[in-house]
2 protein chains.
Amino acid sequence: MHKKLFIPGPTEVRPEMLKHMGTPMIGHRSKEFSQLLGEVTPKVQKLLYTKDHVFMSTSSSTGVMEGVVRNLVEKKVLACYCGAFSERWAEIAEANGKETDRLEVEWGRAILPEMVDEKLKKGGHETVIIVHNETSTGVMNPIREVAQMMKEKYPDVLLAVDAVSSMAGVKIDVDGWGLDVCLAGLQKAFALPPGLAVFSVSDRALEKAKKVPHRGYYFDFLVFRKYWDKVQTPTTPSIPHLFALNKQMDDMFREGLEQRFARHGQMAKVARDWGKKHFALYAQPGYESVTLTTYVNTREISVAGLNEELAKRGAVISNGYGKTKEKAFRIAHMGDTTLDELNELLGWIDEILGLS
Amino acid sequence: MHKKLFIPGPTEVRPEMLKHMGTPMIGHRSKEFSQLLGEVTPKVQKLLYTKDHVFMSTSSSTGVMEGVVRNLVEKKVLACYCGAFSERWAEIAEANGKETDRLEVEWGRAILPEMVDEKLKKGGHETVIIVHNETSTGVMNPIREVAQMMKEKYPDVLLAVDAVSSMAGVKIDVDGWGLDVCLAGLQKAFALPPGLAVFSVSDRALEKAKKVPHRGYYFDFLVFRKYWDKVQTPTTPSIPHLFALNKQMDDMFREGLEQRFARHGQMAKVARDWGKKHFALYAQPGYESVTLTTYVNTREISVAGLNEELAKRGAVISNGYGKTKEKAFRIAHMGDTTLDELNELLGWIDEILGLS
């Protein structure tokens, strides 16, 4: 039996979208392909409220995270670190030989503008890399406020945002906030299978890349830019994902972006209220993620045992990640998941654990 | 109407395989996923006649080509260059700041062992990068002989092979020949959609990587190696491609590898004989590709015009690539394409062009 995915990625994919993954193949240098890419790109721009270039990378988001440090950092980067995925970004920067200044907060806490300010004061940073929604801790960082502070005080420092588990579930106003890069994979709030990442790049970020040597090739933003004019991708892309994304974007607009974001807000409220009643929330109050909730396992339940029971009902949730593996558990409420489905899941958990 | 793809990638994908691309989603850290990866990996090892590690990269093959130069070259690489795709590999090496010695032959010619020998004599090369089957010119380089020469004369130099358009269509004996890396994407002779690359890495290549700094992350072979023991991929992979690959490998073994390679040989013979009769072959005699044929456009036909007519019959072929764009055309005969389908295509072309 298929288990409906309430794990924070990959998320559940609707049968209709799975079907689009099997669209008959076309050549990636054909007119049909350029038409497809020419259709889907402005749709993602619309989702991100941006006029910036939006590129498609056949990779997981991690690949684009690597692209960010290779394109936008010649010497020194500020890596904001508040959980497993932001830690990985710092490691990636180091693996590429970049001087990596780390701003670290305790897991469960948010990165606040004044913390970033404190670090940037020391000077020398070319780019700040930060995770919007830390999938390990369920914390949503106040990106808008960080961006605002940077615009006022450090207008020359670039800001790159990993929005992997927030994009398409939460409003991200790339142009309004002033994000230089905003990236995500399709397997979270887009509710599509993993295998493709999308990312916006500001003009000034492209200008910066021109000055950074040894950007490589596969994630070189300027190579993506070069193929933009031909409405092509630099290398053979995952065409199935582009077919599905094109259809999924239409469905998103049919629901309405504001309605979609509101639905995510409603689900988050239900997930938090349930958590406060029966467990505790892992995230610092006021900075809880809208797309997933991380619960402190105050009852010391066996998450594996719970999942065994849930499997019989056709659902699966997630344990903690990294150092919270045993101490927390996570429920994703994003993508095409509905409030009814979330309520049904929470009802099952109540029943299994004997909560009321 | 869908046009059956006789272009050298993406190739035609059978409806059954398209359906597997839409298999309901599972988590990439689940037991189900490890089972899937644990099933498919030995199947690819069997195809490559190797006991080496075989990794799956969610990227086009170009990404793994970048991985090769980042992992196996600290200072200097010998890039064998005989067409558009081998040229790209040399460019990638340079884009990563590696000293790139180029062995260049005229388009249409093959790279011969004595040419590689001549270059390696000068010393200082850590790795040779070479394309097995140059998709632009339709030349198949004698990799086995190059590897043999290197084993005898330069046992410490690594050999990395781009087998993008030959793997799964032609026998490649990774262990027998002694290839340190052998890489390909799924969208050629595997007859699956693009979006995933597979590659083997020898133990000595992994040892070499340990000594090369700044390998990055996404294509770091040692990161792939680290996750091998957990039967996982380092980052969220394209699960749909793995589902389809697992099924496609079964079908390959059902046909029989030797039978599959023989079928490719038969199709190549038909494609060449037809070409010699009506046009001319672009590749140096004796080094013609087994998976695609590049024809010199001796009749100065309009390939676009031909494709318009073929489209009405539900098929598409390819023009030349790069500098042969107008002067050549290409027909792929690989993957799940049958001899009957190829004969039907050539019959249509005869009819359209009035050949007999």
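Values computed for the structure shown
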item: Rg/Rg_ref, region A:127-253, where Rg_ref = 2.2 N^0.38 Å and atoms are Cα; result: 1.11
item: J(HN,Hα) series, region A:134-139, from Karplus relation 6.51 cos²θ - 1.76 cosθ + 1.60, nearest Hz, glycine and proline x; result: 7, 5, 7, 9, x, 9
item: Sequence-distant residues sharing a close amide H with B:T127 (under 5 Å, placed H); result: B:L78, B:L158
item: Other-copy label distances relative to A:L355, 7 angstrom Cα-Cβ extension, nm; result: 7.0
item: Ranked A:H53, B:H20, criterion: other C-beta atoms within 10 Å, fewest first; result: A:H53, B:H20
item: Relative compactness, chain B, computed as alpha-carbon Rg over 2.2 N^0.38 Å; result: 0.98
item: 13 Å Cα-Cα reach of A:K19 towards aspartates and glutamates, excluding residues that sit fewer than 8 places from it in its own chain; result: B:E16
item: Cα pair distances of the protein assembly as shown binned at 10 Å [whole percent]; result: 3, 15, 25, 26, 18, 10, 3, 1, 0
item: Length added when fully stretched, A:K46-A:K19, from 0.36 nm per residue minus Cα-Cα; result: 7.3 nm
item: Fraction in percent of alpha-carbon pairs per bin - 5 Å, region A:1-134; result: 2, 8, 13, 15, 16, 14, 12, 10, 6, 3, 1, 0
item: Interchain or long-range residues, amide H under 5 Å from B:S165's placed H; result: B:N133
item: Length-normalised contact order of chain B in % [C-alpha pairs under 8 Å, at least 6 apart]; result: 25
item: Euclidean distance of C-alpha centroids, region A:249-319 and region B:261-321, integer Å; result: 56
item: For chain A, with +1 on Lys and Arg beta carbons and -1 on Asp and Glu, the positive-most of A:N319, A:A304, A:V64 along the dipole; result: A:V64
item: For B:R313, B:R299, B:R272, order by how many other beta-carbon atoms lie within 10 Å, fewest first; result: B:R299, B:R313, B:R272
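Only the coordinates and a few stated rules stand behind these numbers; no lab work does. Just so it is clear, the structure is predicted and the values come from calculations on it, not from any experiment. Positions of Cβ are backbone-derived with ideal geometry, glycine not excepted, and every protein chain shown enters the neighbour counts.
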